[in-house]
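Encoded as structure tokens, here's the structure I'll be asking about.
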Amino acid sequence: MCVRYTVHKPEAALEALEGVLNAALRGKTLLEPRYNIAPSQLAPIVAKESGEPSLGSMRFGLLPPGDRGAERKRALPNARAETIAGLPAFRAAAAGRRCLVPACGFYEFRDLGTRKQPWLFTLDDDEPMALAGLWEPPDGADPPTFCIVTTTANRVVGEVHDRMPVILTGESAALWFGDSPLNSAELAQLTLPAADGLLRARRVDPYVNNSRHEGPRCVAPPPPEDPELF
DNA sequence: CCAGACGTTGTT
DNA sequence: GTCTGG
DNA sequence: CCAGACGTTGTT
DNA sequence: GTCTGG
């Protein structure tokens, strides 16, 4: 899964994407650092607008085409890479509305029974990353929505959870961001789990568990009063 | 044909 | 337990 | 994902 | 929107 993440160095994240795409982002603005993005919140997303890479604000939790105009809308924060090409909820977006989700890290929670222990996963060099996303256009007064594509966990993330976001680096970000539909081989190649050596895991303060909490404390180490090992 | 469900995550 | 809000 | 709320009826 | 069940 991947339903909580950070973009606490947004300028670096956007610059990295501009480098990978070899293009300036239209609509680029100064962004506030975010430490605890959760479903239903607005987040910065890079998508094509009139064919050009553009920075926009979208709501986390994709509204499937079938729920357009519905009374009861079900937002989907994740989509399994293995099934996006065939499922009605994701098929159109997978073919023509793939996007990049600027991120500095993502959280996973270990279920300890009595509490949820949060972990932060970043690139090993702490550089920003791009997560694979899908998006849907605005629905009436509602803003555009996006979801994060997931794949099987690698060994690093697997210690905490069995799913992780698709992390796009360099060339794979540009390919994911291409205009034309991907065939199944290309899709499979692009959505492989990140290499183990690429990721670094850190325990963080359970302060982050509450999605209303924001700020640097979300990525800080757990306080010393919190003694358990795992 | 229409009506209704559909997709994610988690379940030691 | 299940659903909603963030 | 986690945190937190959650429901009916009748009554004033 | 698209698929399934009736």
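Just so you know, all these numbers are worked out from the coordinates, no wet-lab data involved. None of these values were measured; they are calculated from a predicted model. Cβ: placed from backbone, ideal geometry, glycine included. Neighbour counts: every protein chain shown.
Once label points are set 7 Å from the Cα along Cα→Cβ at both A:Leu192 and A:Ala141, what is their separation, rounded to one decimal in nm?
It is 4.8 nm.
Also, I was wondering about something else. List A:Val208, A:Val20 from most exposed to least, where exposure is judged by having the fewest other Cβ atoms within 10 Å.
The order, fewest Cβ neighbours first, is A:Val20, A:Val208.
Between A:Ser54 and A:Glu159, take the C-beta separation as r, use R0 = 41 Å, and let me know the FRET efficiency to the nearest 0.05. Show your work: numbers first, answer last.
On the way: r = 37 Å, r/R0 = 0.90.
After rounding, the FRET efficiency stands at 0.65.
Also, I was wondering about something else. Using helices alone, I'd like the mean residue ellipticity at 222 nm for chain A: each DSSP H run of four-plus residues gives -39500 (n - 2.57), total over residue count, nearest 500.
-4000 deg cm²/dmol
Same structure, new question: If the cut-off is a Cα-Cα distance under 17 Å, which lysines reach A:Lys48, setting aside same-chain residues fewer than 8 apart in sequence?
A:Lys28
Pairing the Cα long axis of helix A:10-21 with the longest principal axis of chain A, what angle in degrees results, from 0 to 90 and rounded to the nearest 10?
50 degrees
Would you list, by chain and number, the aspartates and glutamates whose Cα falls below 20 Å from the Cα of A:Lys9, excluding same-chain residues fewer than 8 positions away?
A:Glu18, A:Glu32, A:Glu108, A:Asp124, A:Asp125, A:Asp126, A:Glu127, A:Asp205, A:Glu214
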